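Heads up, the thing below is written out as structure tokens.
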Amino acid sequence: MKKDAPPRGSESIAPQPACPAILNEKHLYLTGYRGSGKSAVGRAVARRLQRPWIDLDDEIESQSGRSIQDIFASDGEEGFRDLEQAVLEAVSKRAPAVISLGGGAVLREANRMRIRSSGVSVWLQVDADTVLQRLHRDASTSRRRPPLTGLPPRQEIQTLLAKREPLYAEVASYQIDTTGRGVRAITNRVLQAIGATLDQPPKV
């Protein structure tokens, strides 16, 4: 897995003439904890690459006809993970797209295998303090996703990050440090990372 290079010059994104060859038959997956910017960055990257953008949580809600809160309330986390796995399998068989995954999509081995086999994965790395700041600015994210433990918010984030970070690393072809960066800067880093795969295969 390669880390993003240190910032150089302007953060503006140069026009992308074409999708990198390595992605012609593969999806680009964005992974990371909630609040890492997967949805906003995924939408921006898809626009630059002229590809469809899929938010896995949106797909789950659309296909089930229920909100994520309702799924957790009626089926529990295990029921939600079953649905998440089924929807990921379905979208992975579509035409190549940019796919923003839910923060816990990497928890199941079957999902990790599918991510690795069907695409290139970029891990948007974020620390607990940044997550808290971003969630406070975007209350809709907190409302959409119920707490997964009985812990205070900061402690829950720290606990879940410790559990999930090795799994994000396992599936990641690249990781991008999002700390202190906005959507444009993170998007630029993602484009630089996948551009670097033009003449070499991603880690699988």
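The values are calculated or read from the model by the stated rules, or taken from the named source; none is laboratory data. Just so we're clear, the structure is a prediction, and the values are computed from it rather than from any experiment. Note: ideal-geometry Cβ built from the backbone for every residue, glycine included; neighbour counts use all protein chains shown.
Summary of values
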{"quantity": "Search result, residues across the range 29-51 that are among the aliphatic types (A, V, I, L, M), in a helix (DSSP H, G or I) and crowded, with 21+ Cβ neighbours inside 10 Å", "calculated": "Val41, Ala44, Val45, Leu49"}
{"quantity": "Looking only at the range 158-185, and only at residues there that are modelled with pLDDT of 90 or more and β-branched (Val, Ile, Thr), the one that is farthest from Ala105 (Cα to Cα)", "calculated": "Val183"}
{"quantity": "Members of the range 102-118 found to be surrounded by 13 or more Cβ atoms within 10 Å (Cβ to Cβ) and more than 21 Å from Lys163 (Cβ to Cβ), listed by number", "calculated": "Ser118"}
{"quantity": "Any hit, the range 16-26, residues being at pLDDT below 95, part of a helix (DSSP H, G or I) and acidic (Asp, Glu)", "calculated": "no"}
{"quantity": "Enumeration of residues in the range 33-79 that are touching a strand residue (DSSP E or B) at 6+ places or on another chain (Cβ under 6 Å), under 22 Å from Ala90 (Cβ atoms) and of a type outside the set (Phe, Trp, Tyr)", "calculated": "Lys38, Ser39, Gly42, Arg43, Val45, Ala46, Arg51, Ile54, Asp55"}
{"quantity": "Flag if Ile99 is touching a residue at least 24 places away in the same chain (Cβ under 8 Å) and buried (at least 21 other Cβ atoms within 10 Å of the Cβ)", "calculated": "yes"}
{"quantity": "Count of the range 102-123 residues which are closer than 21 Å to Pro52 by Cβ and without any contact (Cβ under 8 Å) to a residue 40 or more places away in the chain", "calculated": "2"}
{"quantity": "Residues being surrounded by fewer than 18 Cβ atoms within 10 Å (Cβ to Cβ) and at pLDDT below 50 - total across the range 186-204", "calculated": "7"}
{"quantity": "Matching entry among Ile13, Ile54, Ile60 (being assigned to a helix (DSSP H, G or I), touching a helix residue (DSSP H, G or I) at 6+ places or on another chain (Cβ under 7 Å) and either at pLDDT 95 or above or not hydroxyl-bearing (Ser, Thr, Tyr) (or both))", "calculated": "Ile60"}
{"quantity": "Residue list for the range 110-129, restricted to those being of a type in the set (Val, Ile, Thr), within 24 Å of Ile157 (Cα to Cα) and out of contact with any Gly (no Cβ under 7 Å at 6 or more places or on another chain)", "calculated": "Ile115, Val122"}
